[in-house]
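One structure is given here, and the rest of the page talks about it.
The values are calculated or read from the model by the stated rules, or taken from the named source; none is laboratory data. Computed from a predicted structure; not experimentally measured. FYI the Cβ positions are ideal-geometry reconstructions off the backbone, even for glycines, and counts take in every protein chain you see.
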């Protein structure tokens, strides 16, 4: 049983070491993922800044378009006052005005698109921050599990060593018990031989006693005759 327990403890240590290795690999991958999240977050910040500058430029362009529209409108009014001589200038002013209106509309569309992109990018950034937070928590949990596995592995190693020592002691005790059994068997054999010898001596003593009694009777008869 001690040998079986030692084998189980050794197998447990191997399994714990394998689990710890897998946990270390997971920690490495989580760390890389957290780094990628951080890099992406920085890129999103840069994108948000670029969108902000684009919106500012679009605002400036919209302002210029409004001013151009006003100037073109004023020029058209002045051209109409000039009569026939200002007709060509009025056509040009009207074209400039249409272009300024088109620029203003395009700028408004650009600002709307940029605002939408900025909102989406901020939502994405918030989601990424949440995911990065979860990754950080998983990384910390994984580190805790890995440390726990390390402690379990160390404890399993100690248990394995103790069980090996116990198994060795049990084996040695078994050898000692076997030797003691052999010694006791030898003592038993010696005791039986001693008993047989004692029985033989008792029989010999009984025989000698009988002879002595016969001699004593014979001597008594001789004394009686005398």
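A few notes on this one:
- Among the residues listed as 91, 57, the single one being out of contact with any strand residue (DSSP E or B) (no Cβ under 7 Å at 6 or more places or on another chain), farther than 30 Å from residue 125 by Cα, at pLDDT 75 or above and surrounded by fewer than 17 Cβ atoms within 10 Å (Cβ to Cβ): 91
- Condition check for residue 132: within 60 Å of the chain's Cα centre (by Cα) and either free of Cβ contacts under 8 Å to residues at least 60 places away in the same chain or under 30 Å from residue 20 (Cβ atoms) (or both): yes
- Looking at 25, 88, just one residue is free of Cβ contacts under 8 Å to residues at least 24 places away in the same chain and under 30 Å from residue 146 (Cβ atoms), and that residue is 25.
- For region 33-44, the criterion of being closer than 30 Å to residue 162 by Cα and in a helix (DSSP H, G or I) is met by none of the residues.
- Residue in region 110-121 that is farthest from residue 41 (Cα to Cα), counting only those that are under 41 Å from the mean Cα position of the chain (by Cα) and surrounded by 14 or more Cβ atoms within 10 Å (Cβ to Cβ): 117
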